[in-house]
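The values are calculated or read from the model by the stated rules, or taken from the named source; none is laboratory data. Predicted model, so just to flag it, every value in this text is computed and none were measured. Please note: Cβ atoms are built from the backbone with ideal geometry, for glycine as well, and neighbour counts cover all protein chains shown.
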Amino acid sequence: MIKAVGYAAKNAHDKLGRFEFQREEPGASDIQIEVLYCGVCHSDIHQVKNEWKNTVYPCLPGHEVVGRVTRTGTSVTTFKPGDIVGVGCMIDSCRTCDPCQHGEENYCEGPNSWLATYNGPMVPAKKAPTGENMYGRDNTFGGYSTVLVVNEDFVLAIPAGLAPDAAAPILCAGVTTYSPMKHWGVKAGDKVGVVGLGGLGHLAVKIAVALGAEVTVFTTSKDKEDDAVMLGAEHVLVEDDKKALKPLKGTFDFILSTVPESHDVNPFVALLKRDKTLVVVGALEPLKPVNNMEAAAHRKSVAGSMIGSIAETAEVLAFCAEHGIAPEIELIDIEAVNDAYKRIERGDVRFRYVINMASLRA
Ligand SMILES: [Zn+2]
Ligand SMILES: [Zn+2]
């Protein structure tokens with residue numbers, strides 16, 4: 001076993017604190033990674049506080065992981081010690097279902113769905129049709145730790161053009177916004193709306209701009225206007241400014257909502273052109289009811305999208321390197337993570353905290 005140290009919460013009311021544990025030695029196709037950086041995703045907070053009612057404790061979050069390969073299993077050919085690599089939200093999947101066979105592991109339909117980097121399988125044994133857990137572990141410990149051991153198929157190369165600390169948020173926030181833009185065919189000249197300007201939203205703006213879209217940001221706070229423009233948005237609107245939204249009715253090709261909680265999508269559905277789609281990636285909970293008169297009258301869609309596949313993650317890393325895109329990050333020590341959570345909940349972060357894991361080794 002490998003000695004590891006992380007930051008974990010023991011229950012929903014607990015703060016994150018130092019936690020010593022052990023990782024399995026790497027198997028033949030596993031890679032041992034010394035964690036260098038880990039992004040702080042809003043879902044880490046939802047999970048630590050059991051806001052999705054599925055948290056397994058102790059909860060050791062972190063799924064925007066960048067590190068250095070220190071050891072590889074005997075059959076590993078993809079990476080070698082010293083390589084800078086990334087791990088996102090998934091560390092395994094069933095590999096046999098239709099989505100897995102088609103390179104869409106993030107929609108794995110196996111009995112336990114995909115194995116999350118932390119908090120275990122997406123469908124735990126008690127909810128699985130078989131009542132079993134094919135992965136043999138009910139909990140997994142994520143990237144707020146010194147070391148990670150992951151199957152090589154779920155490890156990503158970090159392109160040389162990306163700084164390892166800034167690359168971390170691409171592994172969740174980046175692919176979560178890139179995947180739907182690709183699936184719904186966002187292209188140069190499209191009018192794209194981004195609702196919310198946090199960790200996901202700011203990357204959505206950068207990626208959409210790099211795809212050649214004309215981007216409008218919808219935000220609740222007027223003071224994010226300068227930031228939105230700095231990120232490349234052409235227009236910034238305050239969400240409840242009905243007067244400003246009215247002339248935009250029926251003008252958007254694609255809208256991405258990154259708001260991390262239940263919200264009303266109807267004002268944005270009204271802005272879509274006929275046949276176009278609003279995709280919700282921030283909230284994983286019931287939304288306010290959609291007015292289907294508006295959706296039906298112009299054959300519009302409201303859709304969801306869950307992170308992205310391993311292939312898409314590799315693609316978005318390459319895309320960011322090629323277009324010189326990097327998340328805006330603030331590097332913090334592990335001791336600052338509980339305060340960082342509070343600031344994220346207040347919307348007081350520009351735009352992604354990344355933990356420097358050297359602070360956990362000190
Ligand atoms: Zn995330
Ligand atoms: Zn599968």
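Points worth noting:
- Positions within segment 5-22 being touching a helix residue (DSSP H, G or I) at 6+ places or on another chain (Cβ under 9 Å) and either among the hydroxyl-bearing types (S, T, Y) or outside any strand (DSSP E or B) (or both), in sequence order: Y7, A12, D14, K15, L16
- Candidate set from segment 111-133 (those that are touching a residue at least 24 places away in the same chain (Cβ under 8 Å) and out of contact with any strand residue (DSSP E or B) (no Cβ under 8 Å at 6 or more places or on another chain)); member that is nearest to ligand 1 (Cβ to nearest atom): G120
- Cβ pairs under 8 Å, 6+ apart, first in segment 319-342 and in a helix (DSSP H, G or I) and at pLDDT 95 or above, second charged (D, E, K, R) and buried (at least 19 other Cβ atoms within 10 Å of the Cβ): Y341/D44
- If you go through segment 95-133 and keep only what is closer than 21 Å to T55 by Cα and surrounded by fewer than 18 Cβ atoms within 10 Å (Cβ to Cβ), you end up with Y107, E109, P124, A125, K126, K127, A128, P129, T130, G131, E132.
- Filtered by the rule that a residue be among the hydrophobic types (A, V, I, L, M, F, W, C) and either in contact with a helix residue (DSSP H, G or I) (Cβ under 6 Å, 6 or more places away or on another chain) or in contact (Cβ under 8 Å) with a residue 24 or more places away in the chain (or both), segment 93-110 gives C94, C108.
- The number of residues in segment 67-90 that are away from ligand 1 (no atom under 14 Å from the Cβ) and part of a strand (DSSP E or B) comes to 8.
- Of the residues screened, S145 is not one that is farther than 21 Å from E64 by Cα and away from ligand 2 (no atom under 11 Å from the Cβ).
- Applying a threshold of 6 Å to beta carbon distances and a minimum spacing of six or more residues, or different chains, the list of pairs starting in segment 59-74 at a residue that is at pLDDT 95 or above and ending at one that is within 16 Å of ligand 2 (Cβ to nearest atom) reads H63/C89.
For (1) closer than 19 Å to Y107 by Cα; (2) at pLDDT 95 or above; (3) within 17 Å of the chain's Cα centre (by Cα); (4) hydrophobic (A, V, I, L, M, F, W, C), each residue gets a yes or a no:
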position	(1), (2), (3), (4)
Y135	yes, yes, no, no
F141	no, yes, yes, yes
L148	no, yes, no, yes
I158	no, yes, yes, yes
A173	yes, yes, yes, yes
T177	yes, yes, yes, no
K182	yes, yes, yes, no
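- The residues of segment 77-109 that are charged (D, E, K, R), within 26 Å of G67 (Cβ to Cβ) and within 10 Å of ligand 2 (Cβ to nearest atom), listed by number, are D92, R95, E104, E105.
- Segment 91-110: number of residues that are part of a loop (DSSP other than H, G, I, E, B) and within 16 Å of ligand 1 (Cβ to nearest atom): 0
- Checking each residue in segment 6-65 for being within 16 Å of ligand 1 (Cβ to nearest atom), farther than 22 Å from I170 by Cβ and among the acidic types (D, E) picks out only E51.
- Looking only at residues of segment 4-47 that are among the β-branched types (V, I, T) and under 14 Å from P260 (Cβ atoms), we find that the one that is surrounded by the fewest Cβ atoms within 10 Å (Cβ to Cβ) is I45.
- Only a single item in (1) over 24 Å from the mean Cα position of the chain (by Cα); (2) at pLDDT below 95 is not met by F252, and it is number (2).
- Search result, residues across segment 154-184 that are out of contact with any strand residue (DSSP E or B) (no Cβ under 8 Å at 6 or more places or on another chain) and of a type outside the set (S, T, Y): P159, A160, G161, L162, A163, G174, V175, K182, H183
- Verdict on E315 being touching a residue at least 60 places away in the same chain (Cβ under 8 Å), away from ligand 1 (no atom under 16 Å from the Cβ), under 17 Å from L203 (Cβ atoms) and acidic (D, E): yes
- Failed condition for V40, given (1) over 20 Å from W114 (Cα atoms); (2) of a type outside the set (F, W, Y); (3) more than 21 Å from the chain's Cα centre (by Cα): (3)
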